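Asker: Attaching a single structure in structure tokens format; questions to follow.
The values are calculated or read from the model by the stated rules, or taken from the named source; none is laboratory data. Every value quoted in this text rests on a predicted model; they were computed, and no experiment measured them. Positions of Cβ are generated from backbone atoms using ideal geometry, with glycine treated the same way; all protein chains shown enter the neighbour counts. Please note that ligands, DNA and RNA were not included when accessible areas were found on the heavy atoms of the full protein model with its side chains. Shrake-Rupley method; radii C 1.70, N 1.55, O 1.52, S 1.80 Å.
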Amino acid sequence: MKIISTEKAPAAIGPYCQAVTAGGFLFTSGQIPIDPASNAVCGDTIEAQARQVMLNLRAVLEEAGTDFAKVVKTTCFLSDMANFAKFNEVYAEFFVNKPARSCVAVKELPKGVLCEVEVIAEI
């Protein structure tokens, strides 16, 4: 197992790492829409926040030597299912290979954000 860490994505806000590799796969922690440069939540719309989440995921994927095309599974958390369609529009720009996915609404997300996404990818 190898820990993956990059300054191009926000640092973990708890006792965990951005991602780990094991058995030929990358397992990311959930990424929220934090701008790694300012450490602030990016945007107040689902579109802006989803885009920042994807940029953060891209940075972690790249650090591990992989990319969106090799993602096999995503888990998406939304604070409100009313944002489902708009979230999907941004999501579809990045996940053109259509990996397996779960998407659920949750009561609350860290820092009051609107979405969080974690992925499993081949390395």
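Asker: For Cα pairs less than 8 Å apart in space and 6+ apart in sequence, what is the mean separation divided by the residue count of segment 33-123, i.e. the relative contact order in percent? Walk me through the numbers before you get to the answer.
Answerer: Working: 141 pairs, mean separation 35.4, N = 91.
This gives 39 percent for segment 33-123.
Asker: Can you tally the lysine pairs in the chain where the Cα-Cα distance is under 24 Å and the two residues are eight or more apart, or on different chains?
Answerer: 13
Asker: Now for a different question. Based on the mean of other Cβ atoms within 10 Å per residue, sort peptides 61-67, 27-33 so the most packed one is first.
Answerer: Result, highest mean Cβ count within 10 Å first: 27-33, 61-67.
Asker: In addition: First select every other residue whose beta carbon is under 10 angstrom from the beta carbon of ARG58; then total the charges, Lys and Arg +1, Asp and Glu -1. Working shown, then result.
Answerer: Details: positive: LYS8; negative: GLU62, GLU63, ASP67.
So the surrounding residues net to -2.
Asker: Which shape class, rounded, prolate or oblate, goes with the chain when its Cα gyration tensor gives a ≥ b ≥ c as root eigenvalues, a/c under 1.5 marks rounded, and past that a/b bigger than b/c marks prolate?
Answerer: On the way: a/c = 1.69, a/b = 1.24, b/c = 1.35.
Since a/c reaches 1.5 but b/c is at least a/b, the shape of the chain is classed as oblate.
Asker: What net charge do the residues around ALA37 carry, taking every other residue with its C-beta under 10 Å from that of ALA37, with Lys and Arg at +1 and Asp and Glu at -1?
Answerer: Residues near ALA37 contribute -1 overall.
Asker: Would you mind getting the accessible area per residue of the chain, heavy atoms of the protein chains only, 1.4 Å probe, in Å²?
Answerer: 52
Asker: Then there's this: Please report the carbon-and-sulfur percent of the accessible area for segment 80-123; probe 1.4 Å, protein heavy atoms only, DNA, RNA and ligands left out.
Answerer: Roughly 52 percent, rounded to a whole number.
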